[in-house]
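Novice: Have a look at this one.
The values are calculated or read from the model by the stated rules, or taken from the named source; none is laboratory data. Since this is a predicted model, take the numbers as computed values, not measurements. All Cβ positions, even for glycine, are placed from backbone atoms using ideal geometry, and neighbour counts span all protein chains on display. The protein model used for the area step is the full one, side chains on, heavy atoms only, and it has no ligands, DNA or RNA in it. Shrake-Rupley method; radii C 1.70, N 1.55, O 1.52, S 1.80 Å.
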Amino acid sequence: MVDMDWKRKMVSSDLPNNSPKLSSKLNVTIPPPFKVAVSSPISCSAPAACSAYELYLRLPELRKLWSSRDFPLWAAEPILKPALQALEISFRLVLAVCSDTRPYINHREWNRRLDSLVTNQIQLVAAIIEEDDDEKESESVTAPLGDGRSSLSLLPQLATWRKTEGIGKKILLTIDNEMRRCSKYTLGLGEQNIAGKPNLRYDAICRPNELYSLKDNPYADHIDNQENQTLYIIHQVLESWIYASGNLLNRIVSSIEEEKFEKASNDVYLLERIWKLLAEIEDLHILMDPEDFLKLKKQLQITSTGKNDAFCFRSKGLVEMMKMSKDLRQKVPAVLAVEVDPTGGPRLQEAAMKLYATKRECDKIHLLQGMQAVEAAAKSFFFAYRQLVAAMMGSAETNATASQESCDSLSQIFMEPTYFPSLDAAKTFLGEFWSHLG
């Protein structure tokens, strides 16, 4: 039970004169949080399983491409490079699906999903570039530009090959449309570029030829299963965006520490969109043929190793991304400019309520809202992933990681209490306050 008398005084000046009187005390009862048996459900699988996952996707080689700094003075390169590489790998996925000659796959739905996936990635890339355009610190952040178009990307081939011509031309139109907001340059992938903007040096940044050299996984020669290639490419796209998000999270933390709250707010909403994109990428699995997929699972010897070992936890990058997203809660005191009360008092909650009520620092409000949006998107990802595993492998697979004492590891994540209890309590009390005025 919490005394809300001080809040009545704080906002009373903002209330209309004819507002009904509020009692001097508001008693608000907050339900206890859901109790989770495992204190930290976010942890990697066994080292052997993680190693097998990385070798299958050739992540050590991909990581060298993601992390290379060919333009060290360009501030956006650590985020934009892996994002562009994810887009380029997606072009390879389009080519692989459209080249699939199996008569029983759903080509129409595949084309719809791939169109949506590529469009959402282009929108994210354009948003990242838009943030780069707005950076005004120095000329050192300028992207590497030129006059020539890419000669190595797969997209121009997609736009001319009969089976992929429709989706290829649609992608070019999408690039043209989304890059209009970016005043300084365009991607240089063959889009019309009516404005005549300079082209990004796409080939030098993305290195499409080196990406293409990683088109085959270690099992390509001795596993006769078309879904092997599909699974491989899907997860390369996924891991590329995970790597980009890690660098984005580092930039968010740095912006908060430097009190650049508007920049941090813009980036945190980009992070939310990446979480939603990861869910969309994972959803592509549902279009894989059930029998061929389960056969591939056997061929690759993919098995659960026991408790707290969902398949997605074999991705060290995903686990780290989730931990870093969760750790944004540690930056709330810095945003609110107050220290945590060592006695457990409502100091943060009161500061949040004052921030929401006065509306004098909108950038901070946007940032805190974005942090909670990231939490919702991240938990939604793991909830959706659990349903996907059940749909692809049967519900017995989702229960294989549960024990008699607790539910499975994926359920524990989305059933955890809120990561931002002070913000949650502040909104609960504000909602209760305003509900007593009508």
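Novice: Within the accessible area of the chain, what % is carbon and sulfur when the probe is 1.4 Å and the other protein chains stay in place?
Specialist: Within the chain, the accessible surface is 51 percent carbon and sulfur.
Novice: Same structure again: So what are the ³J(HN,Hα) numbers for region 416-431, from phi and the Karplus equation (6.51, -1.76, 1.60; θ = phi - 60°), rounded to whole Hz, Gly and Pro as x?
Specialist: 5, x, 4, 6, 10, x, 5, 5, 4, 5, 4, 6, 4, 5, 5, x
Novice: Only sites in a loop by DSSP and with at most 10 other Cβ atoms within 10 Å count here; which trypsin sites (Lys or Arg not before Pro) in region 330-438 make the cut?
Specialist: Sparse-neighbourhood loop trypsin sites (Lys or Arg not before Pro): 359, 360.
Novice: Send over a whole-number figure in Å² for the accessible area per residue of the chain, probe 1.4 Å.
Specialist: Per residue, the chain has 47 Å² of solvent-accessible surface.
Novice: Could you sort out which of 170/316; 263/316; 184/379 sit more than 30 Å apart by Cα distance in this structure?
Specialist: 170/316; 184/379
Novice: Are there trypsin sites (Lys or Arg not before Pro) in region 147-239 that DSSP puts in a loop and that have at most 12 other Cβ atoms within 10 Å, and which ones?
Specialist: Loop-located and lightly packed - 162.
Novice: What list of ³J(HN,Hα) values in whole Hz, one per residue of region 199-215 in order, does the Karplus curve 6.51 cos²θ - 1.76 cosθ + 1.60 (θ = phi - 60°) give from phi, with Gly and Pro shown as x?
Specialist: Taking θ as phi minus 60°, the curve returns 9, 5, 7, 4, 5, 6, 7, 7, 6, x, 5, 6, 5, 5, 5, 9, 6 Hz for region 199-215.
Novice: Considering only 219, 232, 53, give the residue with the highest GNM mean-square fluctuation for the chain, with springs between Cα atoms whenever their separation is below 10 Å.
Specialist: 219
Novice: Relative contact order of region 304-393, please, whole-number percent, based on alpha carbon pairs below 8 angstrom and at least 6 residues apart.
Specialist: Value for region 304-393: 20 percent.
Novice: Now, a different point. Calculated from DSSP H runs of 4 or more alone, at -39500 (n - 2.57) each and per residue, what is the 222 nm mean residue ellipticity of the chain, nearest 500?
Specialist: For the chain, the value works out to -18500 deg cm²/dmol.
Novice: Please turn the phi angles of region 162-176 into ³J(HN,Hα) values with the Karplus equation 6.51 cos²θ - 1.76 cosθ + 1.60 (θ = phi - 60°), one per residue in order, whole Hz, x for glycine and proline.
Specialist: Rounded to whole hertz, the list is 4, 6, 10, 4, x, 6, x, 5, 5, 5, 4, 5, 5, 4, 4.
Novice: Quick one: ranking 56, 269 by accessible area, 1.4 Å probe, largest first, what do you get?
Specialist: Accessible-area ranking of 56, 269, largest first: 269, 56.
Novice: Another question about this same structure. Say a site is exposed when it is one of the GluC sites (Glu not before Pro), sits in a DSSP loop, and has at most 15 other Cβ atoms within 10 Å; what is then the longest site-free stretch of the chain?
Specialist: 1-134
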